[in-house]
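Participant: The structure under discussion is supplied below as structure tokens; questions concerning it will follow.
None of the figures in this text is laboratory data; all of them are computed from the coordinates on show. Quick caveat: nothing in here was measured; it's all calculated off a predicted structure. A quick note on method: Cβ atoms are made from the backbone with ideal geometry, for glycine too, and the neighbour counts reach across all protein chains shown.
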Amino acid sequence: MAARYRPNRKGVGHLLRSPMIRADLVRRAELVKAAGIAIAPVYEGPGNAVRGLYKASFEVSSTSRGGRNRDRAVAYVRNTAPYARFVEYGTERVPAHHVMLRAAQAAAD
């Protein structure tokens, strides 16, 4: 007779919110951040734009109440530069750089 497994949903919920899982997610997010900083473009053109603002604006945050149902640990990597979405996705005049996408792919293990 085959063995049966019935998961303890409460126990799985505790595992998904555990400090161990959250710490590993933060570690992985830090890898993505480091990869993003390494490949981030730096504005070199004329004007009064702050050089290196995009590169210096990566940050990592985490919570144990994330996800769609707020039932698991999550870690976020974001760039707080005001023009970060334009660097990532591009505009009519500026090509997309996909920094976050490439950083996530580079940090995958």
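Participant: With free of Cβ contacts under 8 Å to residues at least 12 places away in the same chain and closer than 20 Å to Arg28 by Cα as the only criterion, which of Gly45, Gly66, Gly52 stands out? Steps first, please.
Facilitator: Details: Gly45 fails: closer than 20 Å to Arg28 by Cα; Gly52 fails: closer than 20 Å to Arg28 by Cα.
Gly66 is the lone residue from the list that is free of Cβ contacts under 8 Å to residues at least 12 places away in the same chain and closer than 20 Å to Arg28 by Cα.
Participant: I would also like to ask the following. Return the pair list, or none, for Cβ contacts closer than 7 Å from residues in the range 14-33 that are under 19 Å from Arg70 (Cβ atoms) to residues that are among the charged types (D, E, K, R), at least 6 apart or on different chains.
Facilitator: Leu16/Asp71; Leu16/Arg72; Arg17/Arg72
Participant: Would you confirm whether any residue within the range 80-88 is surrounded by 14 or more Cβ atoms within 10 Å (Cβ to Cβ) and either closer than 30 Å to Leu16 by Cβ or acidic (Asp, Glu) (or both)?
Facilitator: If we filter the range 80-88 for residues that are surrounded by 14 or more Cβ atoms within 10 Å (Cβ to Cβ), which is where we start, we get 81, 83-84, 86-88.
Restricting the remaining residues to those that are either closer than 30 Å to Leu16 by Cβ or acidic (Asp, Glu) (or both) gives 84, 88.
Checking the range 80-88: at least one residue is surrounded by 14 or more Cβ atoms within 10 Å (Cβ to Cβ) and either closer than 30 Å to Leu16 by Cβ or acidic (Asp, Glu) (or both).
Participant: Taking the stated definitions as given, is Lys33 closer than 17 Å to His98 by Cβ and among the basic types (Lys, Arg)?
Facilitator: On the way: closer than 17 Å to His98 by Cβ: yes; among the basic types (Lys, Arg): yes.
Yes, satisfied.
Participant: Restricting the range 64-103 to residues that are of a type in the set (A, V, I, L, M, F, W, C) and farther than 15 Å from Tyr43 by Cα, which is nearest to the chain's Cα centre (by Cα)?
Facilitator: So the residue we want is Val77.
Participant: Now for a different question. Only one of these is surrounded by 11 or more Cβ atoms within 10 Å (Cβ to Cβ), among the small types (Gly, Ala, Ser) and on the phi < 0 side of the Ramachandran plot: Ala108, Ala38. Name it. Reasoning before the result, please.
Facilitator: Details: Ala108 fails: surrounded by 11 or more Cβ atoms within 10 Å (Cβ to Cβ).
One residue alone meets the criteria, Ala38.
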